[in-house]
Amino acid sequence: MQKYVIALYIRLSIEDYKYDSLSIENQSLVLHEYAASMPEALNAEIMEFIDNGYSGTNFERPQVQKLIELVRANQIDCIIVKDFSRFGRNSIETGYFIERVFPLFHTRFISISDDFDSSKFKGDTGGMDVAFKYLISEYYSRDMSIKTKSAKYAKMQRGEYQSKICPYGYRKSADGRMEPDPEAAAVVQLIFQLAAEGINATAITRELFRRNIPTPGQYKAARGNHTHDISRCHGIWSTSTILRILEDERYTGVYVIGKRAVLEVGGNRSRLKDRESWYIIPDHHPAIIEKAVFDTAQASQLRFSQPNKRSGTTR
C-alpha cells in the first residue's frame, strides 16, 4: 500500500525575517504539530519544502516549483501551509493552483491559520471567504512593500543613516548622523591625493606602511572595536581595501545604500543590483573628498586596470 505523503511548505521572505512568528523554525514547528494531529499521519511520509528568502508575489521559487512537479506526478496527497500568504500572495496564481491544479490531482490543501481544508468543501473551494483572504494577502504584500520603501527613503532624505557601521573616515555624531572622524578622514584624503597623482593601489599600500599609518582594523582595535582579526596584517594595508575606499562615493557626501540584494535570509550571499535601483542622495553628510578629486582618482585607477595594447596584459 502506497504511503500517504504530506508536504509541508514553508516560505520566508527578506521582509518576514524580523517577525519571529514567521521564522522557518516556527513555521516548521506549527506544520509538524498539525500534521501529527491528522489521522492520516500514522503511516504518512512527511516532506518539507523550504523557500528561504523568496517573495510570495510570484511562483518563481525553487522549492514550490519542485512541490508542484511532484503534485503533477501524483506523488503528493496533502499540502499544509501556515497561511495562504506562505504559499503565495498573488490571488490569481494562488487561486489557480488551489482551485484547479490540486483538485485535478486529488491533492488536499490545508491552510492552518485560515482554517481552510479543501477536503471539507467537496468540490467547492471556499467561495468568497477564501477569495477575500487571497486579496487581503496580496494587497498587504504590495502595501507593505510600498510603505517600507517610502519610510526608508524618507529617513535617508532626512539624513538618518541606516547602517550601524560608518565607512572608515567617518563616525556617528551625537544625533546619529555621519560626521568625519578627523584622524581617519586625513588618511582617506591622503589615499585619494596619491591616487589622483597617478599612484596605483599597490604603491599606495607601500606608502601607508612607510608612514606607519594603522590599517582600518588596527585603528578600530585601538579604540576598543575588536571585530576584525588584525593578528596577521602586521600594519600592511591590502590593495582591496584601498580600491574599496577609492570606489566609495560616500566620501563625496553622497549617500549610497541598497547596492546589493540578499539572496537568502540569514545567509551571506548577495548580488549587485543595477545602479538605477540604488538609493543615491547627494549632500547627505559632510564630504571628506571633493568631487573633482574623486573623479580624478577614479580615472587614474581606471588607467591602471586597462589592458596594455601592446602586450594584451593588465598593468
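Amide H to amide H distances under 5 Å link GLU48 with LEU8, where only residues 5 or more positions off or on other chains count and H is placed in the peptide plane.
With kT/(6 pi eta Rh) evaluated at 20 °C and eta = 1.002 mPa s, and Rh the Kirkwood radius from Cα pairs, the stretch 179-222 diffuses with a coefficient of 194 µm²/s according to Stokes-Einstein. Considering every alpha-carbon pair of the stretch 1-110, the percent of pairs per 10 Å bin, from zero through the bin containing the longest distance, is 14, 49, 32, 5, 0. Separation of the alpha carbons by more than 25 angstrom is noted, of LYS172/LYS291; LYS259/LYS291; LYS220/LYS291; LYS3/LYS66; LYS82/LYS273; LYS172/LYS259, for LYS220/LYS291; LYS82/LYS273.
Only protein heavy atoms count here; on that basis, with a 1.4 Å probe, LYS66 has an accessible area of about 110 Å².
Using a 1.4 angstrom probe, figure out how much accessible area the stretch 168-251 has per residue, in square angstrom, rounded to the nearest whole. Before the final figure, lay out the partial values.
Values: 4680 Å² over 84 residues.
Accessible area per residue: 56 Å².
The values are calculated or read from the model by the stated rules, or taken from the named source; none is laboratory data. As the structure is a prediction and not an experimental result, all values here were calculated from the model. Ligands, DNA and RNA are stripped out before the accessible areas are found, and what is left, the full protein with its side chains, is counted by its heavy atoms. Shrake-Rupley method; radii C 1.70, N 1.55, O 1.52, S 1.80 Å.
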